[in-house]
């Protein structure tokens, strides 16, 4: 059994990870941690998240100065469900031992430190860790992930967008004179568990935010290899992301070519479901799946692709578990889908 710890276990993603590790047949959850000053310190996970009432054995331990070195040398896997700044500051010490680290923050997803500072608001100085970090889009970088020591688990919006667009880029079908236009709507859990008026369920309607400046834009562009127009929206529901993407394809591209691109890209990838109709969020909530459907207007050369994921699962925790499985030599869906 692999020894696993989770730092940041009290948030929505961290608690989801606790449940996934608890249910994994080859992992033993050895520690659940929160920051030293967290109001959740010393509480049970079950007392904070009623859906995990069966996980009453897990108590949230506050981080100490010595915790990072202890975990680095005693754990097999450590998940970081922490703010970007914490992941950035803790990674050098945490990754110095035998433990393999899966970071769910944005601290190590963007290789260009100048771009990182522009969008995240602080300088990136953990350059050795950044150089080691592998991007954890599991369906596209499985070999790199399997050999990694640090995995930067993608953001929820980038997962939805990249899953939809990378097959077209891979097959050279996109007309690069027109940027793909990504309109995506997320449930309020994507903003995290910390209370804020703007994310209060009673205050949320349906609105765009981060227009022409959201920090996930450079992440999408870096791993897609082309510029995009990305507009996120906050919707009045708890979980899920629905991304509807409009893309100009190269002249003469046919529907058969698009179909072939998706089928080849995701053949044998059980977490990606190629649908016969446009998916909705309810199809994927509380699952690890990416649901995709597309349609091409051959006359105009525009295609519309819809991608649906659960932001807390495929957009965070279950994708991290896919990466952990790859790191550990397990089936990519171990603990996520029936054998």
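FYI, it's all coordinate maths here, none of it is from the lab. These numbers were taken from a predicted model, which means no experiment stands behind them. Here Cβ is always computed from backbone atoms with ideal geometry, including for glycine, and neighbour counts include all displayed protein chains.
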Least to most buried among 205, 307, 95 (fewest other Cβ within 10 Å first): 205, 95, 307
Computed [θ] at 222 nm, deg cm²/dmol, the chain (DSSP H ≥ 4; -39,500 (n - 2.57); rounded to nearest 500): -8500 deg cm²/dmol
Inter-centroid distance (Cα atoms) of segment 47-69 relative to segment 77-143, Å: 23
Modelled label reach - residue 206, point 7 Å along Cα→Cβ, segment 240-284 residues with backbone N closer than 18 Å: 240-246, 278-284
Sorted by Cβ neighbour density within 10 Å, fewest at the top, the residues 188, 153, 18: 188, 18, 153
Folded to 0 to 90 degrees: helix 12-23 orientation relative to the chain principal axis, Cα: 80
Order of 140, 294 under a 10 Å beta carbon neighbour criterion, fewest first: 140, 294
The chain: angle of helix 255-266 to the longest principal axis, Cα-based, in degrees nearest 10: 20
Shape of segment 2-132, Cα gyration tensor, a/c cut at 1.5: prolate
Segment 174-330 shape via C-alpha gyration tensor axes, a/c threshold 1.5: oblate
Percentage relative contact order, segment 2-132, counting C-alpha pairs under 8 Å, at least six apart: 22
Segment residue 85-residue 176, extension gain: residue separation times 0.36 nm, minus the distance between their alpha carbons: 29.3 nm
